[in-house]
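Before any comments, here is the structure.
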Amino acid sequence: MHGCHRALELRPDLRVVVFEKGDVKYGGSIARGMDALNIVVIPNLATPELYLEAVTESCHGLLDAEPSYEMAIRSYDLLKKLEGWGVHFPLDESGNYRVLKYHVKGDSRRT
């Protein structure tokens, strides 16, 4: 996905199509940083600090904390940028982003 949004930043006139091989709820290596947009720090639900604490715990400390934290800081702005390009992120019946609570920390109202 990174290549697609970078291409659109450089050439907004492009039309980009992304094909996915299947419905994947979680994938990639979270220990290397955030996993595409499977993980986004949504204001009022989590903070970058809480994300880093949770991912450090779930990875038993085996992660590169600095890029993970930086990606957490940037994640919501990236989500909003992608929405501006027409990427759809599912909303619940109240109009909030549909989220899954994957980590051991964070707002437990959403599952």
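Numbers below:
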item: Condition check for residue 45: of a type outside the set (Gly, Ala, Ser), open to solvent by less than 60 Å² (accessible area, probe 1.4 Å) and either under 30 Å from residue 12 (Cβ atoms) or not in a helix (DSSP H, G or I) (or both); result: yes
item: Selection status of residue 67, under 30 Å from residue 17 (Cα atoms) and touching a Lys or Arg at 6+ places or on another chain (Cβ under 7 Å); result: no
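The values are calculated or read from the model by the stated rules, or taken from the named source; none is laboratory data. Just so you know, these numbers come straight off a predicted model, no measurement behind them. Quick reminder, even Gly has a Cβ in these numbers, built from the backbone with ideal geometry, and neighbours come from all protein chains shown. Just so you know, the surface numbers come from the protein's heavy atoms only, side chains and all, with ligands and any DNA or RNA stripped out. Shrake-Rupley method; radii C 1.70, N 1.55, O 1.52, S 1.80 Å.
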